[in-house]
Amino acid sequence: MLVFLDTEFTDFAQPDLISIGMAATGVRDFYAERSDFPRERCTSFVHAEVIPLLGRAPHAACDKYELAQRLRAWFDELPESAIILYDFEVDWILLRAAFAGELPSKVGAHQLIDQKIFRHSAYKLGEVLIYSDAWPQHHALADAQAFQEGYLRWKLAIEGRQWNSPSLLTDPGRI
């Protein structure tokens, strides 16, 4: 099972998790926002682009201790072991840190995806079909879902299969 991971965080020097989104086909997505992240360490970009997007998903806010519990519960419910895909190394580092201990048994392999695929038209279509005014870029769940949609369409394209039909959406309206 592929799980597409995205995080938002305070800064590059000492990243601290703000929000985390994971999208996986056939199961409910995971999204949480930390209520206890250090706002004083956030960059001006984060203040302008990320923080205004918080609070859009009901019941997403939690402290880092509850986040670890929610993450464990979500992974425990997966029907099989997960391969975690991410596009930035910090995403994986922050996911590991969020568990505050040993990784759950259903966290399997993990893979950094080459960002070159983001330039492919199949990937770009996936983004266009996911992002909206209500769920824009830099919202961790919208980014995870766009990553999933774009990646799956890119995979179809490189396999020579049809990728450009809107009906390929993995789960429209899942946000």
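Chymotrypsin sites (Phe, Trp or Tyr not before Pro), restricted to the stretch 75-175: which are DSSP loop and have at most 16 other Cβ atoms within 10 Å? Display every interim value, and only then the final one.
On the way: sites: 75, 86, 88, 92, 99, 118, 123, 131, 147, 151, 154, 163; in loops: 88, 99, 131, 163.
Here the chymotrypsin sites (Phe, Trp or Tyr not before Pro) that fit, given the DSSP loop and packing criteria, are 88, 99.
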### Message
Neighbour counts of other C-beta atoms within 10 Å: give me 94, 2 arranged from fewest to most.
### Response
2, 94
### Message
In the stretch 54-84, whose amide N lies under 15 Å from the spot 7 Å out along Cα-to-Cβ of residue 27? List them in ranges.
### Response
69-84
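So if I place +1 on the C-beta of Lys and Arg and -1 on the C-beta of Asp and Glu, and nothing else carries charge, what would the dipole magnitude of the stretch 39-122 be about its Cα centre? I want it in debye, nearest 20.
The dipole magnitude comes to about 180 debye.
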### Task
With runs of 4+ DSSP H residues as the only contributors, calculate the mean residue ellipticity of the chain at 222 nm using -39,500 (n - 2.57) per run, divided by the residue total and rounded to the nearest 500.
-9500 deg cm²/dmol
#### Entry: Beta bridge orientation in the stretch 2-168: antiparallel %, DSSP, nearest 5
55 percent
### Query
So how long is each side of the stretch 12-133 along the principal axes, counting just the alpha-carbon atoms, biggest first, in Å?
38, 38, 29
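Sort 62, 42 so the one with the fewest other Cβ atoms within 10 Å of its own Cβ comes first. Spell out each step's value before the answer.
Working: 62 16, 42 19.
The most exposed by this proxy come first: 62, 42.
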## Note on the structure
The ³J(HN,Hα) series, computed from each phi in the stretch 13-28 with the Karplus coefficients 6.51, -1.76 and 1.60 at θ = phi - 60°, rounded to the nearest Hz and given as x for glycine or proline, is 5, 9, x, 10, 4, 9, 8, 9, x, 9, 10, 8, 5, x, 9, 5
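Find, among the GluC sites (Glu not before Pro) in the stretch 34-115, those assigned to loop by DSSP (not H, G, I, E, B) with at most 14 other beta-carbon atoms within 10 angstrom. Show your work: numbers first, answer last.
Details: sites: 40, 49, 66, 77, 80, 89, 102; in loops: 80, 102.
Counting only loop positions with at most 14 other Cβ atoms within 10 Å, the GluC sites (Glu not before Pro) in the stretch 34-115 are 80, 102.
Laboratory data are not the source of any read-out in this text; all were calculated from the coordinates shown. All values derive from a computational prediction rather than experimental measurement. Note that each Cβ is placed from the backbone with ideal geometry, even for glycine, and that neighbours are counted across all protein chains shown.
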